[in-house]
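The values are calculated or read from the model by the stated rules, or taken from the named source; none is laboratory data. Owing to the predicted nature of the structure, the values given are computational and were not obtained by experimental measurement. Counting neighbours? That spans all protein chains shown, and the Cβs are built from the backbone with ideal geometry, glycine included. Please note that ligands, DNA and RNA were not included when accessible areas were found on the heavy atoms of the full protein model with its side chains. Shrake-Rupley method; radii C 1.70, N 1.55, O 1.52, S 1.80 Å.
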Amino acid sequence: MQLDTGTLCGYRLERAKEDLQAARVNHESGLFKASVNRSYYAIFHGIRAVNILNGFDASKHSSVIAHFNQYFVHTGEFERGLYKIIDGAYRIREKSDYSDFFVVSKGDSAIQLEHAEAFIKAVEEYVRKKNIRI
């Protein structure tokens with residue numbers, strides 16, 4: 001079954017919001033590594049929601065992020081500061097998931113959660129401007 005890009009964008013944005021909610025719950029429960037992971041995935045699925053609007057998808061995270069930065073951040077569709085949010089979320093999630101003894105503090109988790117919330121808000125505003133139903 002082939003879905004139109006608007007439907008797929010909406011689905012991915014809902015998935016991003018679910019991940020954001022999971023990040024909040026994990027943060028409030030003191031599960032800071034899990035919160036950082038879900039914050040990253042909220043951002044990642046938000047990126048995928050936007051990328052599909054110009055027909056792009058990929059299986060590699062680095063490709064998904066690179067496309068978003070090239071076609072949406074560097075063109076001015078999204079503010080440049082979002083690149084730092086994406087990069088920071090990617091790096092801390094990688095360390096948290098794959099480095100032994102890496103500690104995620106409550107403060108680290110709170111920052112990532114705040115960044116993910118800001119990112120998803122920016123994606124929602126962009127999607128609304130493009131007249132995509134969410």
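So residue 46 ticks every box in (1) at pLDDT below 95; (2) in contact with a helix residue (DSSP H, G or I) (Cβ under 6 Å, 6 or more places away or on another chain) but one. Which box is left unticked? (1) is the only condition that residue 46 fails. Among helices (runs of 4 or more DSSP H) entirely within region 4-120, having at least 2 residues that are touching a Lys or Arg at 6+ places or on another chain (Cβ under 8 Å) and within 19 Å of residue 133 (Cα to Cα) singles out 5-28, 32-51. Among residues of region 121-134 being open to solvent by 90 Å² or more (accessible area, probe 1.4 Å) and in a loop (DSSP other than H, G, I, E, B), the one that is modelled with the lowest pLDDT is 133. Note on region 112-121: residues that are over 15 Å from residue 28 (Cβ atoms) and free of Cβ contacts under 8 Å to residues at least 60 places away in the same chain amount to 2.
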